[in-house]
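S.K.: Have a look at the structure that comes next, please.
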Amino acid sequence: MSKLSILDGGMSRELLRLGAELKQPEWSALALINSPDIVRKVHEEFIAAGSDVVTTNSYALVPFHIGEERFQKNGASLIRLSGQLAREAADAVSNREILVAGSLPPIFGSYEPQNFDPSRVQTYLKVLVENLAPYVDVWLGETLSLIAEGEAVRTAVAATGKPFWISFTLADDEAQVKGSEPKLRSGERVEDAAIWAVSSGAKALLFNCSKPEVMQAAVETAARVFKDKGSALEIGVYANAFEGEQGDSAANEGLHDTREDMTSDTYSRFACSWAEAGATMIGGCCGIGAEHIHRLTRALLR
């Protein structure tokens, strides 16, 4: 088994906790505009909690959130800033290596696979990749709802020579929570996503921004596929703490409530189950903060 790596947690709620202003549709991009020091502070707090990887705050730096005009005018500089802040936080640590993952989000909206446009996606990914490349160690295509989004990320980063990870968001409605075959939000099977990942050149397949309850089945499915294929791909998980079902709620229409029951102890128990199922990269997504990362680090690495 590969050494267990601790990922970071969700950026937005930590920004709010530390005093940054966030509002839709810009969301976490506003912190880069108005309070970049707080963005760096969030990275530093995750590192202090035990994270081996910090992810650039570039998720909302797409026209879907900041608008086409602002993306064309300021997108490149904001993307560079997100890379610089993560790199500064990582490089300030002298006693261990901290990787910077360059966040490459779903260009046309989270949880909205129907909006994917293969004819335009590379236009926007190119801006993200070119401006993050000087600062990142690995690419992270995250919260992707369909396999075609993963393929788009693979294409966009191919010329950089840097490794890439692909993270899909899972269907997490009641049927999935009760044990239906794990699927992406597009309806594609996790098994097919894992088969694609084996041939993609990715270094890891992850699952993120879905309920903790649906993650173990996806890890087990991926582990089975990788074993059958003789693949050494790593498997990762970083779940969210959202209340209710998210599939019908557009990502920039409001602030999702988070679950009161998803304490750091509860989340760490989920994390341990994912590790037992074969995950070697574990962190958190929306609503999972530095306290959660600290607790799961202690639980997983004790």
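S.K.: Inspect all residues belonging to region 194-201 and state whether any of them is under 16 Å from the mean Cα position of the chain (by Cα), open to solvent by 40 Å² or more (accessible area, probe 1.4 Å) and not hydroxyl-bearing (Ser, Thr, Tyr).
M.R.: Checking region 194-201: not a single residue is under 16 Å from the mean Cα position of the chain (by Cα), open to solvent by 40 Å² or more (accessible area, probe 1.4 Å) and not hydroxyl-bearing (Ser, Thr, Tyr).
S.K.: Specify the residue that is farthest from Glu260 (Cα to Cα); the eligible residues are those in region 5-36 that are in a loop (DSSP other than H, G, I, E, B) and open to solvent by 30 Å² or more (accessible area, probe 1.4 Å).
M.R.: Pro25
S.K.: Filter region 216-244 for residues that are in contact (Cβ under 8 Å) with a residue 60 or more places away in the chain and within 18 Å of Lys178 (Cβ to Cβ); which is surrounded by the most Cβ atoms within 10 Å (Cβ to Cβ)?
M.R.: Here the residue is Val219.
S.K.: Moving on. If a residue must be under 26 Å from Pro105 (Cα atoms) and part of a loop (DSSP other than H, G, I, E, B), how many such residues does region 262-286 contain?
M.R.: 6
S.K.: Continuing with this model, one more query. Out of all the residues in region 202-215, which are under 24 Å from Gly161 (Cα atoms) and either touching a Phe, Trp or Tyr at 6+ places or on another chain (Cβ under 7 Å) or open to solvent by 30 Å² or more (accessible area, probe 1.4 Å) (or both)?
M.R.: Ala202, Lys203, Ala204, Leu206, Phe207
S.K.: Identify, by number, the condition in (1) closer than 24 Å to Gly109 by Cα; (2) without any contact (Cβ under 8 Å) to a residue 60 or more places away in the chain; (3) surrounded by 15 or more Cβ atoms within 10 Å (Cβ to Cβ) that Glu68 doesn't meet.
M.R.: (3)
The values are calculated or read from the model by the stated rules, or taken from the named source; none is laboratory data. Just so you know, these numbers come straight off a predicted model, no measurement behind them. In this analysis, Cβ positions are derived from the backbone assuming ideal geometry, glycine residues included, and neighbour counts consider all displayed protein chains. Ligands, DNA and RNA are stripped out before the accessible areas are found, and what is left, the full protein with its side chains, is counted by its heavy atoms. Shrake-Rupley method; radii C 1.70, N 1.55, O 1.52, S 1.80 Å.
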